[in-house]
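Take a look at the structure below.
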Amino acid sequence: MNFDYTDKVKDMRERLLAFMDEHIYPNEARFFAEIAENRAKGNAWLPTTIIEELKPKARAAGLWNLFLPKSPRAPEGLSNLEYAPMCEIMGRVPFAAEVFNCSAPDTGNMETFERYASEELKDQWLEPLLRGEIRSAFLMTEPEVASSDATNIQCRIERDGDEYVINGRKWWSSGAGDPRCAVYIVMGKSNPDAPRHSQQSMIIVPANAKGITIVRPLSVFGYDDAPHGHMEVLLENVRVPVGNLLLGEGRGFEIAQGRLGPGRIHHCMRSIGAAERAMELMCKRLNSRIAFGKPVSAQSVWHERIADARCRIEMARLLTLKAAYMMDTVGNKVAKAEIAMIKVVAPNMACDIIDMAIQAHGGGGVSDDFPLAYAYANQRTLRLADGPDEVHRQSIAKLELARHMVVKTEVDMPVTRGC
């Protein structure tokens, strides 16, 4: 495995770093001030003007749709391995990825359209998403069931002539609060009598379809994540054409695995960026504060923490790169263990390092004077998003146990696989 940056990525990385220095970091305060102003006016869900101002600049700089590999509709797309250092840099600031049209859930939804949708649906929805003109949401999780086991999902997708009728209640529908959100990808049960993993389907639903109600926004540790937001959505007798079903009835799990692999690793790439920034802020703070007659950085307890943080960031980065390399070379299915491992490792690592940085900042660390509290809320949420830690650990353990399973040969002699 060779993780060296290609010349193309080296050049693009330098341009991205320069863009962050010129346009992203200086506008962090403005971004949150705009949201606060909109909230005070009674509508926190209005898009910020700073994001819309920066999108054309990012596109002009050739830093647009970098996440989508091998698509004729997005020729600028990078491989997973090439995208990793770029996504990490974007992850240093929560809103940065949207500036480059590389933010969730749009990235996962665009991957889904690219892989599984008809050309007509691509023309209708993928093209404006690639241009950054609209946004999207992914409706999978439900409040009434343990959605970490997606076979529990109860939302119904039932055929009625040339239409499907959808009924269900979803929540944690990220992006559904944004007024630019024009389309949903909905996972629901189309055949409850089919085998366990063939009961679910995915279908495209316009956000303005009759029968859709945005019930409420959900907060994350007190943050409403406006204007993006995480919504509870009610679908009552929502009708869409049969052509809006992706691949066919019963193929929802197949699509979910194709969609969630890249989405999971993108989250992990951004987690490393968030951890790096927390590390940077922590060290600067420790060097600038005096306690008990010497810099806080001279207190030996912080040496232990900083060393541990650096080791963990580097280990997580290497595992991310390995997973990305495998996704590019042998495919998501073969790389499923590496994807599961990094989905556990990266958010936990980032949570711990951001927590250290909060401690280093004292009272300021839990305030919004610094980006750490919001970063912690985001990373703690990722331990649940796209599958909780426990589900990924279970998958890793099953794969590991299978490698060492004792089987019997024709002469009943035990043989251990993987030895």
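The values are calculated or read from the model by the stated rules, or taken from the named source; none is laboratory data. Predicted model only: the values in this text are computed from it and were never measured. In this analysis, Cβ positions are derived from the backbone assuming ideal geometry, glycine residues included, and neighbour counts consider all displayed protein chains.
Out of Asp352, Asp386, Asp412, which single residue is in the same structural domain as Thr320 (by TED's automatic domain parsing) and modelled with pLDDT under 95? Explain how you work it out, then say what you get.
Values: Asp352 fails: modelled with pLDDT under 95; Asp412 fails: in the same structural domain as Thr320 (by TED's automatic domain parsing).
Every option except Asp386 fails the conditions.
Identify, from the list Glu76, Glu98, Glu52, the residue that is of a type in the set (Asp, Glu), within 25 Å of Lys122 (Cβ to Cβ) and touching a Phe, Trp or Tyr at 6+ places or on another chain (Cβ under 8 Å).
Glu76
Is it true that some residue in the range 170-192 is in a strand (DSSP E or B) and surrounded by fewer than 15 Cβ atoms within 10 Å (Cβ to Cβ)?
So the first thing to find is which residues in the range 170-192 are in a strand (DSSP E or B), and the list is 170-174, 181-189.
Narrowing further to those that are surrounded by fewer than 15 Cβ atoms within 10 Å (Cβ to Cβ): none.
No: the range 170-192 contains no residue that is in a strand (DSSP E or B) and surrounded by fewer than 15 Cβ atoms within 10 Å (Cβ to Cβ).
Any chance the range 270-283 includes a residue that's more than 30 Å from Pro69 (Cβ to Cβ) and among the aliphatic types (A, V, I, L, M)?
yes
Out of Thr151, Thr107, report the one residue that is touching a Lys or Arg at 6+ places or on another chain (Cβ under 7 Å) and hydroxyl-bearing (Ser, Thr, Tyr).
Answer to the check: Thr151.
Is at least one residue of the range 198-213 in a helix (DSSP H, G or I), of a type outside the set (Lys, Arg) and either free of Cβ contacts under 8 Å to residues at least 24 places away in the same chain or surrounded by 15 or more Cβ atoms within 10 Å (Cβ to Cβ) (or both)?
yes
Failed condition for Ser147, given (1) under 21 Å from the mean Cα position of the chain (by Cα); (2) in contact (Cβ under 8 Å) with a residue 40 or more places away in the chain, with all others met?
All conditions are met except number (2).
Can you name the residue in the range 343-382 that is buried (at least 18 other Cβ atoms within 10 Å of the Cβ) and not in a helix (DSSP H, G or I) and, of all such residues, is nearest to the chain's Cα centre (by Cα)?
Result: Pro371.
Go through the range 17-45 and give me each residue that's in a loop (DSSP other than H, G, I, E, B) and crowded, with 18+ Cβ neighbours inside 10 Å.
Ala44, Trp45
Taking the range 238-264, which residues are modelled with pLDDT of 95 or more and under 13 Å from the mean Cα position of the chain (by Cα)?
None; the set is empty.
Sort out which residues of the range 186-209 are over 17 Å from Arg169 (Cβ atoms) and basic (Lys, Arg), and write them in order of number.
Of everything in the range 186-209, just one residue is over 17 Å from Arg169 (Cβ atoms) and basic (Lys, Arg), namely Arg196.
Within the range 55-103, how many residues are assigned to a helix (DSSP H, G or I), surrounded by fewer than 21 Cβ atoms within 10 Å (Cβ to Cβ) and either of a type in the set (Val, Ile, Thr) or at pLDDT below 95 (or both)?
Total meeting the criteria: 0.
Please verify whether Ile166 is farther than 21 Å from Ala74 by Cβ and touching a residue at least 60 places away in the same chain (Cβ under 8 Å), treating the condition exactly as stated.
Here the answer is yes, as Ile166 does meet what is asked.
Taking the range 120-141 on its own, how many of its residues are of a type in the set (D, E, K, R) and surrounded by 23 or more Cβ atoms within 10 Å (Cβ to Cβ)?
Kept after step one, since they are of a type in the set (D, E, K, R), are these residues of the range 120-141: 120, 122-123, 127, 131, 133, 135.
Narrowing the set further to residues that are surrounded by 23 or more Cβ atoms within 10 Å (Cβ to Cβ) leaves 135.
Residues that pass the stated criteria total 1.
Please enumerate the residues belonging to the range 296-318 that are of a type in the set (S, T, N, Q) and part of a helix (DSSP H, G or I). Steps first, please.
Within the range 296-318, the first condition is being of a type in the set (S, T, N, Q), and the residues that meet it are 297, 299-300.
Result: Ser297, Ser300.
Take Glu111 and tell me if it is closer than 12 Å to Trp64 by Cα and part of a helix (DSSP H, G or I).
No: the conditions fail for Glu111.
(1) farther than 14 Å from Ser174 by Cα; (2) buried (at least 21 other Cβ atoms within 10 Å of the Cβ); (3) touching a Phe, Trp or Tyr at 6+ places or on another chain (Cβ under 8 Å); (4) aliphatic (A, V, I, L, M): which one isn't true of Val233, the others all being true?
Result: Val233 passes all but (1).
Quick one: count up the residues across the range 104-116 that are among the aliphatic types (A, V, I, L, M) and crowded, with 24+ Cβ neighbours inside 10 Å.
Residues meeting the conditions: 1.
Could you give me the residue pairs with C-beta distances under 7 Å whose first residue belongs to the range 309-335 and is among the charged types (D, E, K, R), whose second residue is outside any helix (DSSP H, G or I) and surrounded by fewer than 21 Cβ atoms within 10 Å (Cβ to Cβ) wherever it lies, and which are 6+ apart or on separate chains?
Lys322/Met1; Asp328/Ser79
So for the range 296-307 (the condition being hydrophobic (A, V, I, L, M, F, W, C) and loosely packed, with under 14 Cβ neighbours inside 10 Å), does at least one residue qualify? Steps first, answer last, please.
Looking only at the range 296-307, we keep the residues that are hydrophobic (A, V, I, L, M, F, W, C), and these are 296, 298, 301-302, 306-307.
This time we only want the ones that are loosely packed, with under 14 Cβ neighbours inside 10 Å, so: 301, 307.
There is at least one residue in the range 296-307 that is hydrophobic (A, V, I, L, M, F, W, C) and loosely packed, with under 14 Cβ neighbours inside 10 Å.
Do we have Ala40 as over 23 Å from the mean Cα position of the chain (by Cα) and within 17 Å of Met90 (Cβ to Cβ) here?
Criteria not met by Ala40.
Residue check, Ala226 against (1) at pLDDT below 95; (2) touching a Gly at 6+ places or on another chain (Cβ under 6 Å); (3) more than 30 Å from Ala337 (Cα to Cα), all met but one. Which one?
Only one criterion in (1) at pLDDT below 95; (2) touching a Gly at 6+ places or on another chain (Cβ under 6 Å); (3) more than 30 Å from Ala337 (Cα to Cα) is unmet by Ala226, namely (2).
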